[in-house]
Number of protein chains: 2
Amino acid sequence: MSTFNLYLIRHGLAGQHGDYEDDRQRPLTDEGKRKTRQVAKRMHELEIQFDLILTSPLVRARQTAEILKEAGLGKPLEEAAYLAPGGDVQTWLDWLEGWKNADKSLALVGHEPTLSTWAELLIWGKTGDKIVLKKAGAIGLTVPLSGKAIANCQLFWLTPPKFVLS
Amino acid sequence: MSTFNLYLIRHGLAGQHGDYEDDRQRPLTDEGKRKTRQVAKRMHELEIQFDLILTSPLVRARQTAEILKEAGLGKPLEEAAYLAPGGDVQTWLDWLEGWKNADKSLALVGHEPTLSTWAELLIWGKTGDKIVLKKAGAIGLTVPLSGKAIANCQLFWLTPPKFVLS
């Protein structure tokens, strides 16, 4: 069965919730930027490549996606409103119908618990808070090119940042 | 909720199936030993520690477990017949009742599809060929100390060896 690779990447460490009038503007901390750059560098060394990076429009996710792009992991980089917290997986699946293609690789940069919830739906068709996705961590799934994606994906990677840093 | 860490580790690359009269005697190849040593070294650098390594008695698993031990990841090392291919998760769960303890960390070294099947049962309570565990790859789960483990574990790590090697 033909598949493509999907990577779900959580934004790095960001400023304290509540310290910003508009939470959407909350940026990565210096430490968050540093660690996210290390993860991105390591992913590049591992020869991971994205044909497209889709990111939540929130600043902390957008900054994370920019770091992935700057590390040479992929371009173009586009914002997708449905990757904001609480976004609906079906909206992304509808978009996916027009994009998916063998040998392509897609990265989604966003938030918890949305990303692990989406991963659970894609793998098992239901959610249960069973996947621990740390900030600047990543999930790797293979998605079938034909048929429905929900409950039909396989998990090949899940990592906290500390297990890819040297 | 108190938990302990469980690592499920698949044996490294072994000789060709069919080349040995007794498949239980099939050893790791030189390449399998080399890569498994690299993975073990990396796990040690990541400060992963096991309070006990339980291994399938089959040679390729036993050799993998010995490599983990030699890399300083943990001791003692014991054989468990139920970790051979097709082993029953309930036999291990019965044993676990007498062993489990907070702050302890346990490694099981064995075979596919047994290990990913066990992981799926521990995470979701059912199996579906949804987790891809490569040779010398690892799964990391948190297991609750009280109550039943089946369908109550969380997944925090899944890696093919290539994503931990430098």
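Okay, here's what the table says:
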| quantity | calculated |
| --- | --- |
| Three-way shape label, the stretch B:119-166, alpha-carbon gyration tensor, a/c 1.5 | oblate |
| Other copies of residue A:97: label-to-label distances in nm, shortest first, labels 7 Å along the beta-carbon direction | 5.2 |
| Antiparallel %, DSSP beta bridges [both residues in the stretch A:3-165], to 5 | 50 percent |
| Where A meets B: accessible area buried, both sides, 1.4 Å probe, Å² | 2200 Å² |
| When each of A:162/B:75; A:148/B:41; A:41/A:130; A:33/A:148; A:135/B:148; B:33/B:148 is checked by Cα-Cα distance, pairs over 32 Å | A:148/B:41; A:33/A:148; B:33/B:148 |
| Cα gyration tensor, the protein assembly as shown - rounded (a/c under 1.5), prolate or oblate | prolate |
| Number of partner chain Cβ atoms within 10 Å, mean per residue of B:130-140 | 3 |
| Per-selection Rg to Rh, the stretch B:38-79 - Cα, Kirkwood hydrodynamic radius | 0.96 |
| Innermost chain B residue relative to the axis carrying B onto A, by Cβ distance in angstrom | B:158, 2 |
| Net charge contributed by nearby residues that have their C-beta within less than 11 Å of residue A:154 (K/R +1, D/E -1) | 0 |
| Residue mean of other protein chain beta carbons inside 10 Å, B:152-162 | 5 |
| P(r) tail fraction, chain B - alpha-carbon pairs more than 22 Å apart, % | 37 percent |
| Accessible solvent surface per residue of the stretch A:61-166, calculated while the other protein chains remain in place, 1.4 angstrom probe, Å² | 39 Å² |
| Part-to-part distance (alpha-carbon centres) for the stretch A:5-49 and the stretch B:125-165, which is given in Å | 25 Å |
| Accessible surface of the stretch A:83-166 [probe 1.4 Å, protein heavy atoms]: carbon and sulfur percent | 50 percent |
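The values are calculated or read from the model by the stated rules, or taken from the named source; none is laboratory data. Owing to the predicted nature of the structure, the values given are computational and were not obtained by experimental measurement. Backbone-built Cβ (ideal geometry, glycine too); neighbour counts: all protein chains shown. SASA here: full protein model, heavy atoms, side chains in, ligands and nucleic acids out. Shrake-Rupley method; radii C 1.70, N 1.55, O 1.52, S 1.80 Å.
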